[in-house]
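A quick write-up on the structure given underneath.
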Amino acid sequence: MRVLPDVVGVKPGDRARRLVAVGSMFDAALGQRQAVVTFTDNATLAQRLAVRSACANTPNVTPQPLPSNMNAPYALEQVVYQINQASNADVALLEKCLAKFPAVAGVTLQDSADEGN
C-alpha cells in the first residue's frame with residue numbers, strides 16, 4: 001500500500017474528507033445518462049422547442065435547461081434529456097414521443113462512460 005506524502009498546511013483528516021468528496025463526485029458523474037436528440041437540417045427553432053416541450057412530459061425524463069441566448073445561430077442544435085432515473089420503459093416512451101415529429105433526425109442514448117470516446 002502506498003502512503004501519500006503529507007501536504008504542507010493540510011491536516012490528514014481534511015485530506016481524507018477531500019478524497020471522499022472527489023470520489024462521490026466521480027461516482028455521481030458515472031451515473032449520468034442522456035438522450036441526445038438531433039434534428040433534420042431544415043428543422044426550425046419552433047419545431048425544436050415543440051419537440052423539447054412535448055416529450056418532456058415523459059416519466060423520469062428531464063430536458064436540459066434552454067440556452068441563455070436563443071438568438072445564437074446554433075441555439076438548440078440538439079435537445080438533451082437527462083434520463084438518469086428513467087427505466088427502459090420510460091426511454092421507450094421518450095423514443096415513441098420523438099418519433100411523432102418529422103423534424104427529429106435521430107436520438108442517441110449515452111452515459112458518462114461513452115463520453116470522450
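Taking all protein chains into account, the per residue accessible area for the range 37-117 stands at 62 Å² (1.4 Å probe). Taking amide H as placed 1.01 Å from N in the peptide plane, Asn84 has its amide H under 5 Å from the amide H of Arg33, each at least 5 places away in sequence or on another chain.
Along the range 55-61 the Karplus relation, 6.51 cos²θ - 1.76 cosθ + 1.60 evaluated at θ = phi - 60°, assigns HN-Hα couplings of 8, 6, 7, 5, x, 6, 10 Hz to successive residues, with x for each Gly and Pro. Positive end of the dipole of the range 37-110 (Cβ unit charges, origin at the Cα centre): among Phe39, Thr108, Cys97, the Cα lying farthest that way belongs to Cys97.
The values are calculated or read from the model by the stated rules, or taken from the named source; none is laboratory data. Predicted model, so just to flag it, every value in this text is computed and none were measured. No Cβ is skipped: glycine too gets one built from the backbone with ideal geometry, and neighbour counts run over all protein chains shown. Calculation scope for accessible area: heavy atoms of the full protein, side chains included, ligands and nucleic acids excluded. Shrake-Rupley method; radii C 1.70, N 1.55, O 1.52, S 1.80 Å.
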